[in-house]
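Step one of this worksheet: look at the structure below.
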Amino acid sequence: MTSAGDLTRLGEFADTWRDPDLERLIQGQPPEDDGILTELSVGIEYITDFWREHYLDNFIRLGGAKIKFVTGSAGSGKTHCLRLFLSRARERGFKTVYISAKDVWLNDFKEVYAAILKAVDLPGALNNCARLIVENMGYNPDDIPEGQTFFDYLSANGNIDALTKRELRDQISRVYLKNPRLDNNFAVCCSILTGGILGYPILEEQSRNLILSWLAGTKGVRTADLRKLGLSPGRVTKYNSRHMLRSLIESLKSAGYPGLVVVVDDLDVMGGMSSFDAPRYTRMRREDAYESIRELIDDIDTMSNVMFLFSFRTDLLENENVGLKSYQALWMRIQTEINSENFNRFADFIDMDNVAERVFTEENITLMSEKLAEWVKRRGGNQTAQE
């Protein structure tokens, strides 16, 4: 969080240096660089470090699932808090995803699932899983020359026989096909892709792209082509995408990640409150979005190792015509979390205005300004040196 006076001084520097992080601060947005974000954060650790300790290091890592809502007035530090928490999650090895309702349609959970799938880099996660399989078979993945698959490496060293091939198949099957928490088609897709990474069986690039396109719910994928690969898939839809998300999380766990943290920011855009532009959501789309969140709340206990955080301005909370109160099915599930007058960091509903009153003391604000001034000074010196 940055004060108005600090923003004015930053604007003077912006005329001299074209710095992305500096420009984001001027616009009232947190820097994207994790190191800078941590360096300039003061006081908000009261929330982020508490969540890290009690959720990331314990509840979520041990298989729990959680949804939290973060609200507050404009400039209260919602996005800064959530960005810092994502940084903390990455430090703990979690996969993290940041979604803005300005960019992703929330009325169709398939779009949310597709955005998460893209952000977590499933092929990269499967590559990690392939490394674990290599280790389980008693080999060091770092010994495999660049450009070679594990199967090529075994073949070059004369270690390919029927028993080795069977063990490799069994390792892949144990991770995916025999995991009851994975959707069958999702498991088959992951086993084929991981087998392609290991080099057994060989997977053509066209088939690889076809599988990834189906997993992402891309339109135009022919099911007849997928059946040739051993799949019997239906379409990924808004109705089964939460089930697909559960399978995605499970595949991330198989790759060694402790879980997934998803931030969905700017929900107030659903009420047309974020700008002077025409409303992005019609009434039908808005209600579908609220219903999608309601369904996620009801299904959260069927998920594991995942944490969702939804963020929006207080306008969305207070407006009875287009806000959360306008959709009773959703409002009934979250209103009990709002009535307490005592601030509780375990609560599923966090008011950043309340947090600001408690943690942004005069001492913290002074420290914040000093850190910002030091960072700008150092940044300016580095920029001058580069020029």
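The values are calculated or read from the model by the stated rules, or taken from the named source; none is laboratory data. Fair warning: this is a prediction, and the values are worked out from it, not measured in the lab. With ideal geometry, Cβ positions are generated from the backbone for all residues, glycine too; neighbour counts draw on all protein chains shown. Note: accessible area is taken over every heavy atom of the protein model, side chains too, but ligands, DNA and RNA are not part of it. Shrake-Rupley method; radii C 1.70, N 1.55, O 1.52, S 1.80 Å.
Annotations
- Unit charges on C-beta of K, R, D, E only; dipole of segment 148-211, Debye: 260 debye
- Global geometry of segment 107-195, whether rounded, prolate or oblate, following the gyration tensor of its Cα atoms and the 1.5 cut on a/c: prolate
- Mean separation of Cα contacts under 8 Å, 6 or more apart, over the residue count of segment 214-284: relative contact order %: 15 percent
- Put simply, the amide H of Leu309, placed in the peptide plane, has neighbours under 5 Å in Lys68, Val262, Val263, Val264, leaving out anything fewer than 5 places away on its chain.
- The 3J(HN,Hα) values that the Karplus relation (6.51, -1.76, 1.60; θ = phi - 60°) gives for segment 364-371 are, in residue order, 5, 5, 4, 4, 4, 5, 5, 5 Hz. Gly and Pro appear as x.
- Accessible area per residue (1.4 Å probe, heavy atoms of protein chains only) ranks Lys110, Lys68, Lys377, Lys371 as Lys377, Lys371, Lys110, Lys68, with the largest value leading.
- Segment 147-222: C-alpha gyration tensor shape, a/c 1.5 cut-off, then a/b vs b/c: oblate
- For the chain, a crude dipole built from +1 on the beta carbon of Lys and Arg and -1 on the beta carbon of Asp and Glu, taken about the Cα centre, is about 1620 debye to the nearest 20.
- Derived scalar couplings ³J(HN,Hα) [segment 155-166; Karplus, 6.51 cos²θ - 1.76 cosθ + 1.60; whole Hz; x for Gly, Pro]: 5, 5, 9, x, 10, 9, 8, 4, 5, 5, 4, 5
- Oblate is the label for segment 31-117, because a/c, from the alpha-carbon gyration tensor with a ≥ b ≥ c as root eigenvalues, is 1.5 or above and a/b does not exceed b/c.
- The chain - percent of accessible surface contributed by carbon and sulfur, probe 1.4 Å: 46 percent
- Rounded to the nearest Hz, the phi-derived 3J(HN,Hα) couplings of segment 351-363 under the Karplus curve 6.51 cos²θ - 1.76 cosθ + 1.60 (θ = phi - 60°) are 9, 5, 5, 5, 5, 4, 5, 8, 10, 8, 6, 4, 5, where x marks glycine and proline.
- Heavy-atom accessible area ranking, 1.4 Å probe, most first, across Trp331, Trp51: Trp331, Trp51
- The angle between the Cα long axis of helix 184-198 and the main principal axis of the chain comes to about 70°, on a 0 to 90 degree scale.
- Distant-in-sequence amide H partners of Gly72 (H built 1.01 Å from N, under 5 Å): Phe312, Thr314, Met352
- The residues of the chain have, on average, 49 Å² of accessible surface per residue, using a 1.4 Å probe with all protein chains present.
- When Lys95, Lys238 are compared by accessible surface with a 1.4 Å probe, the order from highest to lowest is Lys238, Lys95.
- Cβ-based charge dipole, the chain, positive-most Cα from Gly271, Ile99, Cys129: Cys129
- Translational D in µm²/s for the chain (Stokes-Einstein at 37 °C, 0.692 mPa s, Kirkwood Rh from C-alpha pairs): 141 µm²/s
- Given charges at Cβ of Lys, Arg, Asp, Glu: segment 283-333 dipole, positive-most of Ala329, Ile293, Phe312: Phe312
- The chain: relative contact order as a whole-number percent, Cα under 8 Å and 6+ apart: 28 percent
- Using equal-weight Cα scatterers in the Debye expression, the normalised intensity of segment 130-175 in log10 at q = 0.13, 0.31 Å⁻¹ is -0.26, -1.32.
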